[in-house]
Amino acid sequence: MTQTSYIPPRPVPLPTTLSLLRVMWEGDGNLLSLLPRDAYTTDIGWLGWSRRSILIVNDPAQVRHILADPDGIFPKNDLMTGAVEPLIGESIFVSSGETWRRQRRMVAPAFSNLQLSRAFAAMDAAIDAREDALDRSAVEGEAVSVDLTMSWLTADVICRTVFSAPLAPGVAQDVYEDFKIFERSAAHVELKRLILAPAFEEIPQHERVLTACARIRQHLGTMVDPHLKDDADFDDIASAVVAARDPQTGERFTREELIDQLGVFFLAGHETSASALTWAFYIAATQPDILGRIRGEITEICGDGPVAFDHMPKLIYLRNFFKEVLRLYPPITFIPRVALKDCEIGGRRVKRGAMIMVTPWTLQRHRKLWKNAETFDPDRWMPERADDIPKDAYIPFGLGPRICVGAAFASVEAALILARLLRRYDFTVTGTAKIRPVARLTTRPQDPIHATLTRRA
Ligand code: HEM
C-alpha cells in the first residue's frame, strides 16, 4: 500500500439513531461513537440525541467567531469545566473573562522561544532515560505498550521541563494510574450528562475520581514547593510562572493557584502529546514508505550525531507527518463551548444553555472541506499544495486568543521524540486486535497498542 492511499483506523459513521444505540450498547463512554454520518458533511447542524440541544459547528468562519468570542457569550462548556475542576481548579484552561486574561498574561511568557530552547535539553534527558528502559525491553524481546511508554515519556518531559525534576518510577506509575482513573470516570460523567442532563446542572464526581485528583495535586505540591523557597535557583517553566506578576496589581500566584496552573501543564501537556505520539508511532510502524522517508530525512539533516534544537525547523517531512497525525487524530477531539444567552449561529437560533461543539475530529475530516479527507498524506502540507488546506479548518491547538499556549513546545517535543526513537528502533506492532480510536479526555486507541522493539544498527 502506498502512503497516498493509506487510510488509518477510524470509526464507521452511522445514522443518528444507530449512533446513539451503538454508544449505549458499547457503554464505554466513547464520544466518537456518537458522531453520526452527517457530522462529517454538515456545515452546522443539531445533534438530535440529547435532552440539551447540541449544535455541531463545522463552518470554519463560524468556528473562528465562536472561539474568538468577541462578545464573551461562548465560554468553556460547563460540562467540561465541571469534569476537570477537581484537578485544575479555576485555572487558565477553564477560566474566562478578566480572570483568564490575567492568567494568560502571566503564563504565556513561560513558553517563549527562549524557554523552549532551554527546555530542549530537559526533553532530551527524558528520552535518554526512556531509551535505557526501552533498550532493556528490546534485549529481552518483550512487547511494550506504546500508549504507556508515551504517557510516561511525556509526563517525564513535563516534570523535567516544568519542575527540573524527573519522575521517580513510583510517582510516574501513580500519576499515570490516577490519570487513567480520572480520564475514564470524568468522561463517563460527561457522556451521561451529555445525553440526559439539562444545561448547567451540577453532577458530583465519583469519590474515587476526587481521591485520584487529590493525589495528583499532592504530587504537584511536592514539586512546586522547592520553587517557593527564598533561595530557590531554578531555570524552568515553573520558576517563570512563580516569578510572574499580574501587570495591574503586581500580585503573584498563590501556592494553590500555582498548583492549578502547573497542573494544567501536566493535564493539557502530557495526555495530549502522548495521544498524538501513540498514533504517530502506530502509523510509522505500519507504513514502511512513510518510515523510510522520515529516517532518510533524519540522516540527511542530523547525520549520525545528536538531534539538536537547530535541526527542528529543517525536519520538514517529519513535521508534516506530525501535522497530518494531528489532523486525523486531534488529541482534543472536541472543543466544547456553551451559549450564555439566546443568539444566532450561521442562521440557527440558539437558546441559552445550548452546547456548541467545535469538533476538530469532524472539521479536520470534513468531506467537503478536505481533498481525500480520510487519507493520511503528509505531503498535503507542502507549500506548493497550500491551496489544499482549507482556512481555519485545521485546529488541533484551537484557534484565536485561547489557542494552546504549549503548541510550539508540543511540536518540538514530538519531533524530538519521533526523530530519536524512530532512528534507534524498529517497532513491530503485535496482536491482531482491530485498532479503534475512541474519544475520552483525549483521542486514544480503545485497547493499548503493543509493539516489540529492535535496536537498529
Ligand atoms: C499535541 C499536544 C497538544 C494539543 C493537541 C493541545 C491542544 C490544545 C487545545 C485544542 C487547546 C484549546 C482548548 C480550548 O480552546 O478549549 C489548548 C489549550 C491549552 N493548552 Fe494545549 N495542547 C497540546 C499540548 C500542550 C502543552 C505541551 C502544554 C503545556 C505544557 C499545553 C498547555 C495548554 C494550556 C495552558 C491551554 C489553555 C490556554 C488558554 O485557554 O489560554 N498544551 N491545547
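The values are calculated or read from the model by the stated rules, or taken from the named source; none is laboratory data. Because the structure is predicted, anything quoted here is derived from the model rather than measured. No Cβ is skipped: glycine too gets one built from the backbone with ideal geometry, and neighbour counts run over all protein chains shown. Note: areas computed on protein heavy atoms with side chains; ligands, DNA, RNA excluded. Shrake-Rupley method; radii C 1.70, N 1.55, O 1.52, S 1.80 Å.
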_Checking the structure you have, find out if any residue of the stretch 323-330 is modelled with pLDDT of 95 or more, open to solvent by 10 Å² or more (accessible area, probe 1.4 Å) and more than 24 Å from the chain's Cα centre (by Cα)._
no
_Which condition from (1) farther than 14 Å from Ser53 by Cβ; (2) among the small types (Gly, Ala, Ser); (3) touching a Pro at 6+ places or on another chain (Cβ under 8 Å) is the one that Gly347 breaks?_
(3)
*Residue under evaluation Trp370, criteria (1) assigned to a loop (DSSP other than H, G, I, E, B); (2) touching a Cys at 6+ places or on another chain (Cβ under 7 Å), criterion not met*: (2)
*Need at least 2 residues that are β-branched (Val, Ile, Thr) and within 16 Å of the ligand (Cβ to nearest atom) per element, so show me which helices (runs of 4 or more DSSP H) inside the stretch 213-304 make the cut, counting only ones lying wholly within it.*
237-243, 255-266, 272-286
_Unique residue being modelled with pLDDT under 95 and within 24 Å of Val57 (Cβ to Cβ) when the list is Arg402, Arg440, Arg380_ = Arg440
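Just to be sure before I move on: is Ala143 open to solvent by 30 Å² or more (accessible area, probe 1.4 Å) and free of Cβ contacts under 8 Å to residues at least 24 places away in the same chain in the structure I sent? Quick ask: steps written out before the conclusion?
On the way: open to solvent by 30 Å² or more (accessible area, probe 1.4 Å): yes; free of Cβ contacts under 8 Å to residues at least 24 places away in the same chain: no.
Answer is no for this residue.
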*How many residues does the stretch 391-407 contain that are part of a loop (DSSP other than H, G, I, E, B) and either open to solvent by 40 Å² or more (accessible area, probe 1.4 Å) or near the ligand (Cβ under 8 Å from one of its atoms) (or both)?*
11
_I need the full set of residues from the stretch 89-138 which are closer than 30 Å to Thr452 by Cβ, in contact (Cβ under 8 Å) with a residue 60 or more places away in the chain and among the aliphatic types (A, V, I, L, M), in order please._
Ala122, Met123, Ile127, Leu134, Ala138
_Breaking point among (1) more than 30 Å from Ala212 (Cα to Cα); (2) open to solvent by 30 Å² or more (accessible area, probe 1.4 Å), for Leu67_ = (2)
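Of these, Gly346, Gly353, Gly400, Gly406, which one is touching a Gly at 6+ places or on another chain (Cβ under 8 Å) and touching a residue at least 60 places away in the same chain (Cβ under 8 Å)?
Every option except Gly406 fails the conditions.
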_Quick check on this structure: which one of Ala238, Ala268, Ala212, Ala243 is under 24 Å from Val84 (Cβ atoms) and either open to solvent by 30 Å² or more (accessible area, probe 1.4 Å) or of a type in the set (D, E, K, R) (or both)?_
Ala268
*Please go through the stretch 437-457 and pick out each residue that is part of a loop (DSSP other than H, G, I, E, B), under 13 Å from Ser275 (Cα atoms) and in contact with a strand residue (DSSP E or B) (Cβ under 7 Å, 6 or more places away or on another chain).*
Gln446, Pro448, Ile449
_Checking the structure you have, find out if any residue of the stretch 235-253 is touching a helix residue (DSSP H, G or I) at 6+ places or on another chain (Cβ under 9 Å) and under 30 Å from Gln364 (Cα atoms)._
no
*Which ones in the stretch 419-434 are modelled with pLDDT of 95 or more and either touching a Pro at 6+ places or on another chain (Cβ under 6 Å) or farther than 17 Å from Ala125 by Cβ (or both)?*
Leu422, Arg423, Tyr425, Asp426, Phe427, Thr428, Val429, Thr430
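In the stretch 146-163, how many are of a type outside the set (D, E, K, R) and open to solvent by 20 Å² or more (accessible area, probe 1.4 Å)?
Our first condition is that a residue be of a type outside the set (D, E, K, R); within the stretch 146-163, this holds for 146, 148-155, 157-159, 161-163.
With open to solvent by 20 Å² or more (accessible area, probe 1.4 Å) added as a condition, the list becomes 148, 152.
Qualifying residue count, the stretch 146-163: 2.
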*Among the listed residues Ala110, Ala119, Ala129, Ala83, which satisfies the condition of being part of a helix (DSSP H, G or I) and open to solvent by 20 Å² or more (accessible area, probe 1.4 Å)?*
Ala129
_If Ala439 satisfies all but one of (1) touching a Gly at 6+ places or on another chain (Cβ under 8 Å); (2) buried (at least 22 other Cβ atoms within 10 Å of the Cβ), what's the number of the condition it fails?_
(1)
*Could you check Arg52 against (1) away from the ligand (no atom under 14 Å from the Cβ); (2) at pLDDT below 95; (3) among the basic types (Lys, Arg); (4) open to solvent by 20 Å² or more (accessible area, probe 1.4 Å) and say which number it fails?*
(4)
*Identify all residues within the stretch 408-418 that are among the small types (Gly, Ala, Ser) and either more than 6 Å from the ligand (Cβ to nearest atom) or open to solvent by 20 Å² or more (accessible area, probe 1.4 Å) (or both); write none if there are none.*
Ala408, Ser411, Ala414, Ala415
